[in-house]
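Following: one structure in structure tokens, then a few remarks.
The values are calculated or read from the model by the stated rules, or taken from the named source; none is laboratory data. A quick note: this is a predicted structure, and the numbers were derived from the prediction, not measured. In this analysis, Cβ positions are derived from the backbone assuming ideal geometry, glycine residues included, and neighbour counts consider all displayed protein chains.
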Amino acid sequence: MKINTAKQRMLAGEPAFGFSVGLGAPQNAELLSATGVDFILLDRQHGSWGDDSTLAALTAMQAGSAIPMARVLRNDYALIGRLLDEGFLGIVVPMVNTAEEAAAVADACRFPPVGQRSWGWGHARMYGPDYAEWIGEQLFVAVQIETAEAVKNAEAILGTPGIDGCWLGPSDLSFSLGFHPKEMDSRDEHRIALEAVVKACRNTGKIPGVAGRGIEDARKRAAMGFQFITAGSDIGFLSAGAAAALVELNGIRDGLKK
């Protein structure tokens, strides 16, 4: 049996922090999974992942302690099932706006009688012959609430059986509310929408999550009550590290001119 330690942490009332990987490099997933972070979210929606690199990344992550999760391209039964059959222990589905769409997510993720997931799996066999006995309990299923419509329907969406929580998309929510994502921190309507989703999660006994923009943003979101929080990405870490290094290198060059 494989324990989803990130899910168990959240069920205990604590935040679980993760890093997302989108560059399509299995080595990035491997390195980040060994940092001690709670989970790694492989991004199949916006990331540069194909089927082969996805499987390679999942295999590489087995050496680390982070729980492997994935964001699927769209709310599609076959695409979700493919990631589950490979062995991901968390699924995030974008742009879920209604309870009916949430029910489709649950159907794709859960074996009968809860859902309609097809019996059979591939790489997930690495977990052992008892996989089907515990995956229903250990799998974390999150829907993305990222439109004004979804916020309005949040309680119905989150009340859907088989859904464990959400992963709110603050940038797309900003566009849906009528302004650019760079304005989100100064807009009361954005804060009110986030608070409404947290409340909906509390009312339904589900886990509130959000796509964080970095460490400080993750700290802020955790203080708001969010628990399933991404706090950085491979491309972000690489870009920030390179930018910081360049500042130091330019300082060395300037010093030599004096």
Scan Ile80, Ile67 and give me the residue that is over 18 Å from Phe237 (Cβ atoms), in contact (Cβ under 8 Å) with a residue 12 or more places away in the chain, touching a Cys at 6+ places or on another chain (Cβ under 7 Å) and of a type outside the set (Gly, Ala, Ser). Ile80
I want to confirm something. Restricting to region 124-145 and keeping residues that are outside any helix (DSSP H, G or I) and of a type in the set (A, V, I, L, M, F, W, C), which single residue is surrounded by the fewest Cβ atoms within 10 Å (Cβ to Cβ)? Leu139
Restricting to region 69-82, name every residue that is closer than 18 Å to Leu32 by Cβ and of a type in the set (A, V, I, L, M, F, W, C). Met69, Ala70
Kindly state which helices (runs of 4 or more DSSP H) lie completely within region 152-258 and contain at least 1 residues that are crowded, with 20+ Cβ neighbours inside 10 Å and polar (S, T, N, Q). 170-177
Single residue of region 51-64 satisfying the filter (in contact (Cβ under 8 Å) with a residue 60 or more places away in the chain and of a type in the set (S, T, N, Q)) that is surrounded by the most Cβ atoms within 10 Å (Cβ to Cβ): Thr59
What number of residues within region 52-89 satisfy the criterion of being within 15 Å of Lys2 (Cα to Cα), touching an Asp or Glu at 6+ places or on another chain (Cβ under 9 Å) and of a type in the set (Gly, Ala, Ser)? 4
Does any residue of region 130-149 turn out to be closer than 21 Å to Asp43 by Cα, of a type in the set (Gly, Ala, Ser) and free of Cβ contacts under 8 Å to residues at least 60 places away in the same chain? no
List pairs: first residue in region 210-239 and of a type outside the set (A, V, I, L, M), second residue at pLDDT below 95 and assigned to a strand (DSSP E or B) anywhere in the structure, Cβ distance under 6 angstrom, at least six positions apart or on different chains. none
Exactly one condition in (1) in contact with a helix residue (DSSP H, G or I) (Cβ under 8 Å, 6 or more places away or on another chain); (2) farther than 30 Å from Pro112 by Cβ; (3) among the β-branched types (Val, Ile, Thr) is not met by Ile192; state its number. (1)
Within the bounds of region 8-24, is there any residue that is among the basic types (Lys, Arg), touching a strand residue (DSSP E or B) at 6+ places or on another chain (Cβ under 6 Å) and surrounded by 24 or more Cβ atoms within 10 Å (Cβ to Cβ)? no
When region 30-50 is checked residue by residue, the ones that are touching a residue at least 40 places away in the same chain (Cβ under 8 Å) and assigned to a helix (DSSP H, G or I) are Leu32
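Quick grid of which residues meet (1) at pLDDT 95 or above; (2) on the phi > 0 side of the Ramachandran plot; (3) within 18 Å of the chain's Cα centre (by Cα):
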site: Glu146; (1), (2), (3): yes, no, yes
site: Gly162; (1), (2), (3): yes, yes, yes
site: His190; (1), (2), (3): yes, no, no
site: Ala218; (1), (2), (3): yes, no, yes
site: Gln227; (1), (2), (3): yes, no, yes
From the list Val92, Val105, pick out the single residue that is in a helix (DSSP H, G or I), crowded, with 17+ Cβ neighbours inside 10 Å and β-branched (Val, Ile, Thr). Val105
